[in-house]
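The values are calculated or read from the model by the stated rules, or taken from the named source; none is laboratory data. Bear in mind that the values here come from a model prediction, so they are computed numbers and not experimental data. Here Cβ is always computed from backbone atoms with ideal geometry, including for glycine, and neighbour counts include all displayed protein chains.
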Amino acid sequence: MNYLFFTNTPAHVHLYKHAIQRLRDRGHEVLVLARDYTCTTDLLEWYELPYVVYGACGTSKGSLLSRLPAHYTRAITHARRFDPDLVFGMGGYAAHTGAVTRTPTVLLIDSEPASFDHTISTPFARSILTPNTFRKDLGANHYVFSGFKECAYLHPETYEPDPSIRNRLDLETDEPYVILRLNAFGSQHDVGKRGITDDDYRRLVDRLGDDVTVLVSDESGDADLEGLSARSFDLHPALMHDALAEAELLVADTQTMVTEAALLGTPAIRSNSFVGADDMGNFVELENQGLIYNVASADAIIERAMPLLEATDTDEKWQRRRNALLADKVNLTDVIVDVATNEGHVDDLGALQQFEQTPEPEPAKSVGIGGD
């Protein structure tokens, strides 16, 4: 069979990379249609995945909208040449390309706030897959799996950290470090949202840098670290998960890396304007499990960070919580491959269940460092 995968962001590459390789190993033809956005194509090259670029965009909110017609034209042209039997993606590009080429499409979605994208994409999907923490009904073809989209590449059956990352980062064996991740907020669902400001990250570096090494990963590339006790994360982006696994703490205003930290057993503090009563279900669940903190201000970040860094048993507690979280979670790569070989039909796959609206989980009362 011919399988077409859309990777519009770096996270999409990680989501599908193992499934793509397994399908190719089984003799299927696979093509990735990639959007050249931040390090997406760098990752495709690193993992040696077969791809063509259908378009590019920057990290500003307006850069994507002006290029949509050309993106769609090239995506559909490449799809017709490849003649896929099934399309995988996360939104409008995949769904509409599938509709125009009359190809069944599977959407894998994990972000409730992307309402516009859901509206224009889900009616064209044969199957819609979401984590079981997803709190929005996407229709009759909506099925859920136990886990998170990051379980496709950070499930213990799939991923093992490489501790030699410290040498690549030029860090001592016992040198504690924190990763500060700054989001560009350039996606469609980020419109009107904000995260850690310039003043905030400078305050954070000033405070955290007294006790640990601070590595800054800035998606937009605009962060000015001059005069600060921090340095940029300057390794290949494919090595970020190894670095994250060894870190004492992640502080971020992004979404995906916070979930990644949780699945690796690294404490994470998330601060952006998604946090609040209408937050996404996966982040509510991760906070309920004591793996992350969702906070609204830089002051709150510091209040959470310092006890974590000062305690001697943080790593042990987080690994225990991480193991408990993953005990019943699926290896999502297995699920994607099963869906692919089942031509996008999911009714008879045991790892997937029809979506049923359940009461929304309440935001956690924080599990303190001594709460176990």
>> Suppose we keep only residues that are exposed (fewer than 14 other Cβ atoms within 10 Å of the Cβ) and acidic (Asp, Glu) within the range 131-161. Which one would you say is nearest to residue 258 (Cα to Cα)?
In response: 160
>> Step by step: first the residues of the range 227-283, then only those that are among the charged types (D, E, K, R) and part of a loop (DSSP other than H, G, I, E, B), then the one that is nearest to residue 177 (Cα to Cα). Which residue is that?
In response: 248
> Which residue, of 99, 79, is modelled with pLDDT of 95 or more and more than 30 Å from residue 158 (Cβ to Cβ)?
Replying inline: 99
> Residues in the range 142-159: is at least one in a loop (DSSP other than H, G, I, E, B) and over 23 Å from the mean Cα position of the chain (by Cα)?
Replying inline: no
>> Of everything in the range 287-308, what is more than 25 Å from residue 202 (Cα to Cα) and surrounded by fewer than 20 Cβ atoms within 10 Å (Cβ to Cβ)? Give them in sequence order.
In response: 288, 289
>> Any residue that is touching a Pro at 6+ places or on another chain (Cβ under 7 Å) and either outside the structural domain of residue 149 (by TED's automatic domain parsing) or of a type outside the set (S, T, N, Q) (or both) - is there at least one of those in the range 220-239?
In response: yes
> Which of the residues that make up the range 309-336 are buried (at least 19 other Cβ atoms within 10 Å of the Cβ), of a type outside the set (D, E, K, R) and farther than 17 Å from residue 157 by Cα?
Replying inline: 318
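Go through 87, 100, 106 for me and flag whichever is crowded, with 22+ Cβ neighbours inside 10 Å, of a type in the set (Val, Ile, Thr), touching a residue at least 24 places away in the same chain (Cβ under 8 Å) and farther than 13 Å from residue 142 by Cα. First the steps, then the outcome.
Values: 100 fails: crowded, with 22+ Cβ neighbours inside 10 Å; 106 fails: farther than 13 Å from residue 142 by Cα.
The unique qualifying residue is 87.
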>> Can you tell me which of (1) at pLDDT 90 or above; (2) surrounded by fewer than 24 Cβ atoms within 10 Å (Cβ to Cβ); (3) of a type in the set (A, V, I, L, M, F, W, C) is the one residue 225 doesn't meet?
In response: (1)
